[in-house]
Amino acid sequence: MYYVYILQSVDKPDKFYVGYTEDVRARLIKHNEGGSKYTSKYNPWTIKNAISFNAKEKALHLKNTSRATQAELLQRSISDDQALHIKIFRLRY
């Protein structure tokens, strides 16, 4: 499985990060350990949302898509009452 994930800064909740990985939990640990230049400035992070794909190409396409599409995904996850839990949504193609 391939995932596009959205992180939200715990200390600065207006800061978000969209990334791609095959292991969401391991990637979150790396972000919180300072493994990314951008995310290290706003540690710690929590997973706001994660979307799974069977095809790597589709996951990368979403990760690299427009900010407007990413903002739409953020808006959907923000309205979720259980935002601190990993939510897996399967997009139908």
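Taken together, the values in this text are just the output of simple stated rules run on the coordinates, not laboratory data. Quick caveat, the model's predicted, so the values are computed rather than measured. Counting neighbours? That spans all protein chains shown, and the Cβs are built from the backbone with ideal geometry, glycine included.
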At 7 Å along the Cα-to-beta-carbon direction for both Lys12 and Glu33, put a label point, then send me their distance in nm to one decimal. 2.3
Quickly work out the Ser52-to-Ala26 label distance, labels modelled 7 Å from Cα along the C-beta direction, and quote it in nm with one decimal. 1.7
